[in-house]
1. Applying the Karplus parametrisation 6.51 cos²θ - 1.76 cosθ + 1.60 with θ = phi - 60° to the phi angles of the range 158-168, what ³J(HN,Hα) value in whole Hz is obtained for each residue in order, glycine and proline being reported as x?
2. So for K314, K245, fewest C-beta neighbours within 10 Å to most, what's the order?
3. What whole-number distance in Å separates the alpha-carbon centres of the range 103-144 and the range 318-354?
4. List the residues, sorted by chain then number, that are 5 or more residues from A199 or on another chain and whose placed amide H is less than 5 Å from its amide H.
5. For the chain, set up a Gaussian network in which alpha carbons nearer than 10 Å are linked by springs, and say which option among G194, G88, G135 fluctuates the most.
6. Quick one, could you list the DSSP H helices from the chain stretching 24 Å or more along their long axis (Cα atoms) with average Kyte-Doolittle hydropathy of 0.0 or above?
7. Just list whichever of K3/K118; K223/K264; K3/K250 have alpha carbons separated by over 23 Å in the model shown.
8. Using helices alone, what [θ] at 222 nm do you get for the chain, with -39,500 (n - 2.57) per DSSP H run of 4 or more residues, divided over all residues and rounded to the nearest 500?
Amino acid sequence: MVKLVPTPEQFAALESTLVLCNDVANEVAGLAQSMKLRSRRALQVAMYPMVKARGLSAQPSLHVLRKVADAYVARAANLTNGNYGRPGSKRYVSVADTAIGFRSNAAQPFDDWCLSWKIDSSTVSIWTSSGRMQGVRFVCALWQHKLLADRQGESDLVYRDGAFYMYATVDQPAPTPGVPVKDPIDGWLGVDLGIVNLAVTTDDDPKALDVRWSGGAVTARRKKNQVMRTALQKVGTKSAKRKLKTRRRKEQRFATDINHQLSKTIVAAAQRTDRGIAIEDLSGIRDRVRLAKKQRAQVHSWAYAQLRDFVTYKAEMTGVPVQVINPRNTSRTCSQCGFCDEKNRRSQARFECRECGWTAHADHNAARNIAALGHEKHWAAQSTVPIAATALASS
């Protein structure tokens, strides 16, 4: 993601380009809904002349049609997966019978026919509704500038908070993942995700778990933001609304920053010690678990999936293998003897095995179990011997 620094004339041209593209996209989406056209080819055959007549060049016209088609495909997938309720429900019918709409400043993709990157001069040449525009400056970090040399495919023009950005796709070969040793403790770094402690690894000192990556500090920060947001909304003045507008992404940036710090620390620890990462999969946790009222807000708002994704892509860039583990019973099972009982967890922080008497911090015990499961899952996937043959040999 790089930030564009256009002149006032360039800014106006980029803004009018997004408005035109999305106005045409809304028109196409309405016709696609009434004519029941969904595929890229069907929309191109039926509406390409009309779109081009609205002032778009050939390639931007195709991108508008593809954007509409892709939006309908995504909506159909959400309907099929039940994200809008059961078929026939009021919400399901309302969504299915309504044409897709695009914001006037929604993102627009550009390919190499419409957009040229001038890396040496830190500028781009881009098609606009006013014609081809040369010399639009962009700014980015030095490491981003180096990555742009490997840019391929489309780039998206994005308008956000009064500024324009380009989202570029960069393809780089991933290092070959290392092979962890065949030991669940020495070969894998287990990661347990939670509420009181956002992430606990097998390397963490159980005595320091109350302060490192504390969910309590995050919750306090979120509550402070919520109180301020509520107070500003009650005031309702123009200055209060301006303040709300400047703060609206602050909480999101805070959560993203914490997840970046966490994922970077976890991957660095695994890379430094030549281990793989085993991290629990909390997909669907909002539907599975029952929590106290004071905990629901954090579980429903914290981006656990984002943290897992950050760990995954950072690990892939450094050649660290990752295994995503089903967390079922990892908090109830003793990592020493394997005995599983819900009464093993005496409290949120204390684990005491009723079978062997081993005690530990509950999250640290869960991280050890996750590491062992990552070890088993990895080597089971590496095995080429049929299961039946393995069972026969063992008997």
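Throughout, read-outs are computed from the coordinates displayed, never taken from laboratory work. Here the structure is a predicted model, which is why all the values come from computation and not from measurement. Heads up, the Cβs are rebuilt from the backbone with ideal geometry, glycines too, and the neighbour counts pull from every protein chain shown.
1. Once rounded to whole Hz, the list reads 10, 10, 8, 6, x, 9, 9, 10, 10, 9, 9.
2. K245, K314
3. 50 Å
4. G194
5. Most flexible of the set in this elastic network: G88.
6. Passing helices, by number: 8-35, 58-80.
7. K223/K264
8. Calculated mean residue ellipticity at 222 nm is -15500 deg cm²/dmol.
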